[in-house]
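These notes are about the structure you will find just below.
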Amino acid sequence: MPEWRLSDRTLTADRARPLGAGIVNVTEDSMYEGARSGTPERAILDGVRLAEAGFDLIDVGAVPARSGPAVDADAEAARLLPAVEGLLERLDVPITADTFNPEVARRAAAAGAHAINDIGGGRDEMLEVVAEAGCGYVLMHIEGPPREDRPVPDYGDVVARLLQFFGERIERAGALGVPAEAIALDPGLDFDLDTDQAIEILARVGELGALGRPIFMSLSRKDFIGAVLAGSWDRRLAAGDRGPGTLAAAAIAVAGGAEIHRLHDVEALDAIRVAGAIADG
């Protein structure tokens, strides 16, 4: 994989051993009931458990990505920062702060977060924060502000659209002081993408390698998996019933060349490790 430069280290992934980022949510309302830590104290314990199980990074967030009432920066930071700080004290693995609020990102980086995982699509204010902090950055594809409903665009060739979007945002990031080496790319499955588009991206994920940046695949228990399993978006299975589907999708993503995988479960970590060994074989 291309090297991914964080605040104090550089990560690489051997094809035979993709990296797993364990998900910790300091919330009571995240989409998957099994990943609701609730309090910073619980989040620290959950993050330590994931690291001890073999995860290479821990990704900590404090606001559900898809929906819910607005959360101001102070309230989000009050949950996120103690969890980040506690995990940094207990662990040697990198900690990524999952936020699309630039002010929260600034505080998280100052607290020691090694990277910012941003579902906001690389807005200038966030890129300026990352440049100032000198940390790593996960750039996710999204066509508008997070947590707002809008029709899914008809892209024509959805992979071509991702290549265009990422290319433009990487260039803009460089202009604002964020080097390409600090950026990993998240296709943003479930965000401004329908089920068919998500499947096409997974089938062609290797094409995103043309950008020369590692792919940070966040598909664990996503809605598109529930829709595939139920045969309908409207009847899609609940997040708790999407575990086996996640294993299959994650293995396909590994085979396609995705290097970093944001996952809820140790079983999914096992799946990417076996898939990596087979893909390398």
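The values are calculated or read from the model by the stated rules, or taken from the named source; none is laboratory data. Please read these numbers as outputs of a predicted model, since none were measured by experiment. A quick note on method: Cβ atoms are made from the backbone with ideal geometry, for glycine too, and the neighbour counts reach across all protein chains shown.
Output yes when any residue across the range 172-179 is at pLDDT 95 or above, closer than 18 Å to residue 217 by Cβ and surrounded by 13 or more Cβ atoms within 10 Å (Cβ to Cβ), and no when none is.
no
In the range 112-135, which residues are within 19 Å of residue 10 (Cα to Cα) and among the aliphatic types (A, V, I, L, M)?
If the condition is that a residue be within 19 Å of residue 10 (Cα to Cα) and among the aliphatic types (A, V, I, L, M), then 113, 115, 116, 130, 131, 133 are the ones that fit.
Could you tell me which residue of the range 133-169 is nearest to residue 123 (Cα to Cα), considering only residues that are β-branched (Val, Ile, Thr) and within 17 Å of the chain's Cα centre (by Cα)?
142
Could you please find all residues in the range 11-26 being touching a helix residue (DSSP H, G or I) at 6+ places or on another chain (Cβ under 8 Å) and either crowded, with 20+ Cβ neighbours inside 10 Å or of a type in the set (Ser, Thr, Tyr) (or both)?
Of everything in the range 11-26, those that are touching a helix residue (DSSP H, G or I) at 6+ places or on another chain (Cβ under 8 Å) and either crowded, with 20+ Cβ neighbours inside 10 Å or of a type in the set (Ser, Thr, Tyr) (or both) turn out to be 18, 20, 22, 23, 24, 25, 26.
What are the residues in the range 102-113 that are buried (at least 24 other Cβ atoms within 10 Å of the Cβ) and over 13 Å from residue 132 (Cα atoms), if any?
Of everything in the range 102-113, those that are buried (at least 24 other Cβ atoms within 10 Å of the Cβ) and over 13 Å from residue 132 (Cα atoms) turn out to be 104, 113.
Looking only at the range 103-132, filter to residues that are of a type in the set (Asp, Glu) and more than 16 Å from the chain's Cα centre (by Cα); which one of those is farthest from residue 172 (Cα to Cα)?
By that ranking, first place goes to 103.
Hey, among 213, 221, which residue is closer than 21 Å to residue 119 by Cβ, touching a residue at least 60 places away in the same chain (Cβ under 8 Å) and in contact with a His (Cβ under 8 Å, 6 or more places away or on another chain)?
One residue alone meets the criteria, 221.
Checking residue 198 against (1) surrounded by 23 or more Cβ atoms within 10 Å (Cβ to Cβ); (2) of a type outside the set (Val, Ile, Thr); (3) touching a strand residue (DSSP E or B) at 6+ places or on another chain (Cβ under 6 Å), which single condition isn't satisfied?
It is condition (3) that residue 198 fails.
So, of the residues in the range 79-134 that are among the polar types (S, T, N, Q) and touching a strand residue (DSSP E or B) at 6+ places or on another chain (Cβ under 7 Å), which turns out to be farthest from residue 4 (Cα to Cα)?
In this case the residue turns out to be 99.
Determine which member of the set 232, 220 is assigned to a loop (DSSP other than H, G, I, E, B) and under 19 Å from residue 19 (Cα atoms).
That would be 220, the only listed residue that is assigned to a loop (DSSP other than H, G, I, E, B) and under 19 Å from residue 19 (Cα atoms).
Is it fair to say residue 77 is surrounded by fewer than 18 Cβ atoms within 10 Å (Cβ to Cβ) and at pLDDT 95 or above?
no
Any chance the range 58-72 includes a residue that's more than 26 Å from residue 251 (Cβ to Cβ), modelled with pLDDT of 95 or more and assigned to a loop (DSSP other than H, G, I, E, B)?
Within the range 58-72 (the criterion being more than 26 Å from residue 251 (Cβ to Cβ), modelled with pLDDT of 95 or more and assigned to a loop (DSSP other than H, G, I, E, B)), the answer is no, since none of the residues qualifies.
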